[in-house]
Amino acid sequence: MSLVALGFALGLGLVLVGLGWRIVVPLDSAGVLSDFERALCAFLIGTLVLYFAVMAVGHWRFDRVSMGGIGLVLVALALPGWRAMPWRRMGLSLRRLFLAAGEDWRLAGLLGLLALTLVVSYVQGLAPPNDYDSLMYHLALPRFNLEQGNLDPPFGHRLPNVLFPHLVTNISRFALALMGEGATQPSVGLFGIAACAGTALLARRMAMSAAISLAAALIFLTTRVVIWEIGTVEVDLPLAAMATAALIVFLAWRGRPHTGLIVLFGLLLGSGFAIKYQGGLVGFAFAPALIWAWFAYPRQRWALCLAPLISVLTFVPHMAEDYRWTGNPVFPLYNALFVKDSPPFYTDYNLTYGTGRGWLDLLTEPWSLSVAPMQHFDGMILGAPILLALAPLALLGMSAIRHRGIVLTWIGAYYVLWFFVQSQQVRFLLPILPALAVFAAFGARRLALVGQPSQTMRGAFLVLLGLLAANQALFVGVYAALRLPPALGLMSPEAYHERTPTLTGANYRTCRFISDHLLAGQRYLSFLGPHSYYCPQAAAIMSLFEDENRTWLTTRPAPKISFENFIARLEQAKIRFVIVPTGGENRRNETGVPVPVAVNFDEHRFGPFVAPILTDLTPIATERFSAVYDGSQILERLRSWRDSGRNLPEPR
């Protein structure tokens, strides 16, 4: 099954390239982009087409048949693109690279390391999903939609996240419906390959040598967040691929301005917005470059206006969906502004991370997030401080870098927006990491040249590079050791989840027990927070019943429910199981050492109704952080408590 899933994902990538090729080439009618730059953009534009197709059909019907129909149509549309692609010319370009590598051991080493790391990292996507966001909503949402048969949101989950932009989610939906869970992560992992290729292509566009371009791609790929996300369905890496392609297209347009490239640039920016709301910041970070271009190319001013217009139009379908469900076209952002009596979401979220919002913090934050990330940020996201150590060294030869002003301004603008506007999570810096990796690779080369005449300097350079590389290789090796055994079928999913830490646990064993034993028409009560992807989604009742599940969208609280009414509701719903958390861990501290966290049932709406009766009941399935109880036993104890009339809980 793993090979089939891998074949499906790679085949999907070819379909998307063929699909996008017939769109990209006419837009690049002047032939400014290289063949490989065109292929990169074609893949990304192909994902945009698939996104719209799943959106259009899925609201009517979402299952294997409807997604299979989309697949057949897309294959047919991709055929002309495949025929038009210059396969021979691209093959000759790769052949020249391999021949050059045969004559230069350093180039061969970079190429070999890059290929090995990319293959090992990408194959890890065949391991069972285990990361927090995927279990909470990136995969849980597609599973809910597949169980329900359409793309209506699961309001009962009480997660604003389920109405976030869905370009990557629709790739996961498509793969899940056609091939099952095993194909989802490799399908989204294609964006990681695209981002890595985009890093090398950006370096070439900036006049770097083949060796520096490969080194930049390797530096980017071995960054810890990239190694982690390439095997998941997280959305930061896809946004990095889209941002890098947009930067390449803008630089190409600068070399030979014409309207088609601006249209392509706008489509890529809009696609970034459709991946993640932070994609809007990627677009805003181009504002200084667009303002400069407005004065530098007066004949292109009307064309420049097309970029923001097209990017917004690309995002309009998602805005229409959000408005349809919530009245807010960019839900949950600025919610109180759009909808009366609606709660604000994530108001304190932006203050959760970072050392502060002052000007001194703005200057020192790169050091803090690179050298001491555990206390104030979302963990050791970058790994070794390679970017911090090497990127500034590009100043030793900055005049040799083409487009340096545009790229540095874009990096700086995005960093400032990240610092002041959004949550200071380090993974949100991923869109600028490819460009920073280019400067880091160039900086390493300049340092080597400066130190070449001196044996002492050369030795110091090798020691520095060796330490950084060894540190980063450790992260690559750790992820490979964790995820390759289950990816290759050498370890069972259950053993993998038991040995691999994740926030709040994957709850694999208990959720699979419910999936295996829950009958059609039965429901179960879940106290898990967040609710795991591995549990059935549509059959779950969390803290709201069907007629209440949209109350969290307003400032009005859900109506209180009495203990007697709660029992009646469970009986009416045919509750078969109750799943509860039994503990947890907190790793967000200076050392990353897990600290046990006790369960507080009072935080759950139904907690005081159920928690007191669990003490003398035996669960029918358990794992480290959760347990499943028989629903009929729970109901029997609840009725006995009600009938006794003693110390009945207050309405909740």
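Heavy-atom accessible area for Cys535, with the other protein chains in place and a 1.4 Å probe, reaches approximately 0 Å². The accessible-area ordering, largest first, of the residues Lys276, Lys560, Lys574 stands as Lys560, Lys574, Lys276, per a 1.4 angstrom probe.
Of the Cα atoms belonging to the range 287-371, the radius of gyration and Dmax stand at 19.0, 48 Å.
Look at where the Cα atoms of the range 271-307 and of the range 141-212 average out, and the two centres are 24 Å apart. Mean residue ellipticity, 222 nm, helices only, the chain: the sum of -39500 (n - 2.57) across DSSP H runs of n ≥ 4, divided by residue count and rounded to 500, is -19500 deg cm²/dmol. Considering only DSSP beta bridges with both partners in the chain, what is the antiparallel share in %, to the nearest 5? Around 65 percent of the beta bridges assigned by DSSP in the chain are antiparallel ones. When only alpha carbons of the range 1-128 are considered, Rg and Dmax amount to 17.6, 57 Å. Ordered from longest to shortest, the equivalent ellipsoid semi-axes for the range 210-275 are 25, 18, 5 Å, each the square root of 5 times a Cα gyration tensor eigenvalue.
One chain, two ends: Ala469 and Leu648. Fully extended at 0.36 nm per residue, the span grows by 58.2 nm beyond their Cα-Cα distance.
Leaving out ligands and nucleic acids, and using a 1.4 Å probe, what accessible area per residue does the range 490-593 come to in Å²?
Working: 4780 Å² over 104 residues.
Ligands and nucleic acids excluded, the figure is 46 Å² per residue.
Using the beta-carbon distance between Arg402 and Ala336 and R0 = 45 Å, what value does 1/(1 + (r/R0)^6) give for FRET efficiency, to the nearest 0.05? Rounded to the nearest 0.05, the efficiency is 0.45.
Find the Rg to Rh ratio for the chain, where Rh is the Kirkwood radius over alpha-carbon pairs and Rg uses the same atoms. Please list the in-between numbers first.
Working: Rg = 26.0 Å, Rh = 26.3 Å.
We get a ratio of 0.99 for the chain.
Note that the range 1-94 presents 45 Å² accessible area per residue, ligands and nucleic acids not counted, probe 1.4 Å.
FRET efficiency for the Ala448 to Thr618 pair, using the beta carbon distance and R₀ = 60 Å, is estimated at 0.35.
Cross-link reach is defined here as a Cα-Cα straight distance under 28 Å, omitting same-chain residues fewer than 8 places apart; for Lys340 the lysines meeting it are Lys276, Lys560.
Quote the Stokes-Einstein diffusion coefficient, in whole µm² s⁻¹, for the range 83-131, based on the Kirkwood radius over alpha carbon pairs, a temperature of 25 °C and a viscosity of 0.890 mPa s.
Reported coefficient: 187 µm²/s.
Our compactness index for the range 135-289, the C-alpha radius of gyration over the empirical 2.2 N^0.38 Å, is 1.15. If you wrap the tightest convex hull around every Cα atom of the range 473-567 and split its volume per residue, you get 151 Å³. Modelled label positions at Arg639 and Asp547, each set 7 Å beyond Cα in the direction of Cβ, lie 2.3 nm from each other.
Ignoring ligands, DNA and RNA, what percent of the 1.4 Å accessible area of the chain is carbon and sulfur? C and S fraction of accessible area: 63 percent. When the alpha-carbon atoms of the range 304-452 are used, the pair Rg, Dmax equals 19.4, 67 angstrom.
Output the 0 to 90 degree angle, nearest 10, between the alpha-carbon long axis of helix 2-27 and the longest principal axis computed from the alpha carbons of the chain. Value to nearest ten degrees: 50. Within the range 406-541, the proportion of C-alpha pairs whose separation exceeds 27 Å stands at 56%.
The values are calculated or read from the model by the stated rules, or taken from the named source; none is laboratory data. Bear in mind the structure is a predicted one, so any value in this text is a computation, not a measurement. Counting neighbours? That spans all protein chains shown, and the Cβs are built from the backbone with ideal geometry, glycine included. Each accessible area value is taken on the protein alone, full model and side chains, heavy atoms only, with ligands, DNA and RNA left out. Shrake-Rupley method; radii C 1.70, N 1.55, O 1.52, S 1.80 Å.
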